[in-house]
Protein chains: 2
Amino acid sequence: MRNAEFDREKVLRSAMTAFMEKGYAKTSMQDLKAATGLHPGSIYCAFDNKRGLLLAALEQYRLDRSVEFEAFFADGRPVLSQLKSYLDDLVQQCLSCDSSQACLLTKALNEVAEQDAEVQQIIADNLARWQAALEQVLVRAATQGDLTSGRDSAHLARYLAMGIYGLRTFAHTHPGADTLQALADQLYHDICA
Amino acid sequence: MRNAEFDREKVLRSAMTAFMEKGYAKTSMQDLKAATGLHPGSIYCAFDNKRGLLLAALEQYRLDRSVEFEAFFADGRPVLSQLKSYLDDLVQQCLSCDSSQACLLTKALNEVAEQDAEVQQIIADNLARWQAALEQVLVRAATQGDLTSGRDSAHLARYLAMGIYGLRTFAHTHPGADTLQALADQLYHDICA
DNA sequence: CACTATCTTGAATGAGCATTCAAAAACTTT
DNA sequence: AAAGTTTTTGAATGCTCATTCAAGATAGTG
């Protein structure tokens with residue numbers, strides 16, 4: 001009897017970072033060993049293989065982002081202020097130029113999903129959950145009277161998600177802070193007006 | 001004295017397709033040999049190495065897309081009708097579920113740009129050219145009186161580009177045709193209104 | 001028709017990869 | 001503290017990869 005020594009969450013967050021920085025295909029087991037501190041054998045024991053580690057990392061990413069999301073929308077402020085803060089924070093993330101600040105879901109969606117139906121399904125499900133959470137936020141805004149009512153919240157949530165995808169991609173071309181902020185502001189405006 | 005036998009454009013389009021289907025890292029020289037019909041030695045002779053082939057493919061992609069773009073906006077119709085057609089065609093491309101219909105620029109931007117500053121610069125330049133072309137279209141619409149004047153065309157062009165990036169990413173989660181069309185329609189509306 | 005310069009061919013090369021495994025280490029229970 | 005069980009370790013394995021190169025093929029030239 002002996003328990004595993006490593007901290008699963010820490011290992012998965014390190015793996016997440018490694019995958020985001022180099023992409024899945026280019027991240028070698030050596031890279032993962034360096035990032036996580038786990039020797040190959042341990043990784044295989046705990047996660048089956050490299051793909052298993054990706055799946056586990058995707059799940060951890062979903063959990064982490066879910067917690068982060070709740071933190072943004074759980075305080076008592078008006079919903080639209082919360083949404084504004086959420087978008088402003090996104091802009092700051094994009095500006096950090098830190099490749100580990102990218103979105104693992106969209107990154108993996110671009111790189112591996114087309115080749116791996118199961119990964120694609122998992123990512124699509126995770127993004128759908130996120131969109132559903134955005135929709136709840138917009139529904140709450142509508143009931144609070146902050147949103148022009150009568151508009152389809154599900155559609156608006158999808159449009160918001162689309163805008164955020166686009167903003168992240170746009171940020172990869174290294175625009176100025178004001179440019180990026182202006183795009184986020186207009187997105188906010190188009191959702192609310 | 002002997003001329004090269006292969007058709008450079010055909011070879012580059014085949015390489016483009018291969019890179020878009022499997023991603024750059026996962027496309028092996030064997031894949032490229034199968035896709036282009038060129039033996040490894042010929043590829044190295046003509047393009048130096050795999051990365052050189054990617055650079056050449058990116059340039060060919062830019063040319064092809066530029067021609068396509070001009071075709072959409074060169075007929076005599078009102079500019080906004082042309083823009084609508086452009087977006088509708090984009091939706092159809094996204095719906096085809098054909099991974100070779102993706103955008104090589106954004107795909108490569110996601111996968112290799114973070115690792116390769118030169119590739120990143122080339123892609124950023126190409127995307128900037130495209131945005132400039134979109135801006136010209138919007139300027140033309142404004143002078144024709146079809147657009148609410150007084151808005152910053154450069155900003156609108158960036159917003160349009162952002163929306164298109166987002167639409168392409170969104171499409172990877174395989175939404176229904178109506179969902180995607182509704183998003184494109186709203187993007188069009190938010191640009192024009 | 002032969003010469004020559006260039007292209008094409010595809011097997012060889014060495015590096016790097018994901019994965020395995022048997023030995024060593026370490027924690028828990030007795 | 002000793003036994004037993006599981007984890008950790010890191011070298012070994014076999015494979016695939018990008019790249020090279022020398023031999024053979026081919027087209028233009030005189």
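The values are calculated or read from the model by the stated rules, or taken from the named source; none is laboratory data. The structure displayed is predicted, hence computed values, not measured ones. Neighbour counts are summed over all protein chains in view; Cβ atoms, including those assigned to glycine, are modelled from backbone coordinates with ideal geometry. With ligands, DNA and RNA removed, areas are computed over all heavy atoms of the protein, side chains included. Shrake-Rupley method; radii C 1.70, N 1.55, O 1.52, S 1.80 Å.
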query: What are the ³J(HN,Hα) values, in whole Hz, obtained from phi via the Karplus relation 6.51 cos²θ - 1.76 cosθ + 1.60 with θ = phi - 60°, for each residue of segment A:168-183 in sequence order, with x given for Gly and Pro?
result: 5, 5, 4, 4, 5, 8, 6, x, x, 4, 5, 4, 5, 5, 4, 5
- line: Carbon and sulfur atoms account, in whole percent of the 1.4 Å probe accessible area of the protein assembly as shown, for 50 percent
query: Using unit Cβ charges (K, R positive; D, E negative) and no other charged atoms, how large, in debye to the nearest 20, is the dipole of the protein assembly as shown about its Cα centre?
result: 620 debye
- request: Skip the ligands, DNA and RNA, and give the accessible area per residue of chain A with a 1.4 Å probe, whole Å².
  value: 46 Å²
statement: Once the in-chain neighbours fewer than 8 apart are removed, the lysines whose Cα is under 17 Å from residue A:33 read A:10, A:22, A:50
message: Which positions within segment A:164-186 get 40 Å² or more of their accessible surface covered by the other protein chains, compared to the chain by itself, with a 1.4 angstrom probe?
response: A:165, A:169, A:170, A:172, A:173, A:183, A:186
query: Along Cα→Cβ at 7 Å, what distances in nm separate the residue B:89 label point from those on the other copies, shortest first?
result: 4.1
- prompt: How many square angstrom of accessible surface are buried between B and A, both sides summed, with a 1.4 Å probe and rounding to 100?
  reply: 3700 Å²
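Please give me the summed charge of the neighbours of residue A:92: other residues whose Cβ is under 15 Å from its Cβ, Lys and Arg +1, Asp and Glu -1.
On the way: positive: A:84, A:168; negative: A:68, A:88, A:89, A:98, A:178, A:185.
Surrounding charge for residue A:92 is -4.
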query: Relative to the isolated chain, which residues of segment B:86-130 have their accessible area cut by 50 Å² or more in the presence of all protein chains (1.4 Å probe, heavy atoms, no ligands or nucleic acids)?
result: B:107, B:109, B:110, B:114, B:115
field: Other-copy label distances relative to residue A:178, 7 angstrom Cα-Cβ extension, nm
entry: 4.4
Copy-to-copy label separations for residue B:132, where each label sits 7 Å from Cα toward Cβ, in nm and ascending: 4.6
- prompt: Separation of segment A:26-54 and segment A:74-98 by C-alpha centroid, Å?
  reply: 33 Å
- request: Quick one: what are the phi-derived ³J(HN,Hα) couplings along segment A:15-24, Karplus 6.51/-1.76/1.60 with θ = phi - 60°, whole Hz, x for glycine and proline?
  value: 5, 3, 4, 4, 4, 6, 6, 10, x, 5
Estimated vicinal HN-Hα couplings, Hz - segment B:77-83 in sequence order (Karplus 6.51, -1.76, 1.60; Gly, Pro = x): 5, x, 4, 5, 5, 5, 4
